[in-house]
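Structure first, commentary second.
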Amino acid sequence: MKDKFIEELENQELEWVQPSAWKNRYELHNTDGEIVASIQRHGWMQHNAEVDALGNRWLFERRGIFRYHINIRSAVTGDEPARFDYNWSGDGGVLTFTDGRRFRWQRGNWLATKWTWVNELDEPVMGFQTGGLFRLNGEIDIDPDVTMKSRVLPLLLFLGWFLIALHRDDSAAVVVAVSG
C-alpha cells in the first residue's frame, strides 16, 4: 500500500476493486493503479469491516435486528464520530455526525448500480457506479467543489463502499431465500 493520505487524492480518479471473488476484501486504487486503502469485511455474515488507509483506520459494525444501524468507530482512538441509520426500506439511510452534520445515502437507479451521498441541501457530494458480475468493482465521482481535507469525505468514501457490499450480499440472500 502506498503512503498517500486520502487527502492527497483529491484530483485523481478512484476505483474500488475486489481482487478475488472468494474474499471479502476491497481495495481503493488511484489513477496510477496504486492501492491507497482497503476494506476487509469480517465477522459472522461479514457485517463488520475494518478500513485501512494512511491516516484513516475505521471499524464499521452493523447492528440491530429489524432496524439496522452501523456504528462507526476509530480503530486508533475508539471515538465514534458518526452513526448510520438505515431507512425503513433498507436501501438508503442517514449518516449523522456527532457535530450534527447529516448526509443521506440514496439509490441512484432501480438496479442499485448507482448510489449517492447527498448533503443537507440535497446536493450530491459523492457518487458510486458499480459493476462486476462475480467481483464487485466501482468508480467514484466526487464533487470537485468539495475538498477531501474534510474528515467527512474519506468516511463517506469508505462507508459508501461498505454499504454497497452489504446491499449486494443482502440482495443475493433474498434471491436465494425466495428461490429455495
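Bear in mind that the values in this text are calculations on the coordinates, not laboratory data. On a predicted model such as this, the values are computed, not experimentally measured, just so you know.
Full extension of the chain between Asn119 and Glu61 gives 18.6 nm of extra length, using 0.36 nm per residue less the Cα-Cα distance. Taking amide H as placed 1.01 Å from N in the peptide plane, the amide H of Glu13 sits under 5 Å from that of Thr31, each at least 5 places away or on another chain. Taking amide H as placed 1.01 Å from N in the peptide plane, Asn87 has its amide H under 5 Å from the amide H of Gly92, Gly93, Val94, each at least 5 places away in sequence or on another chain.
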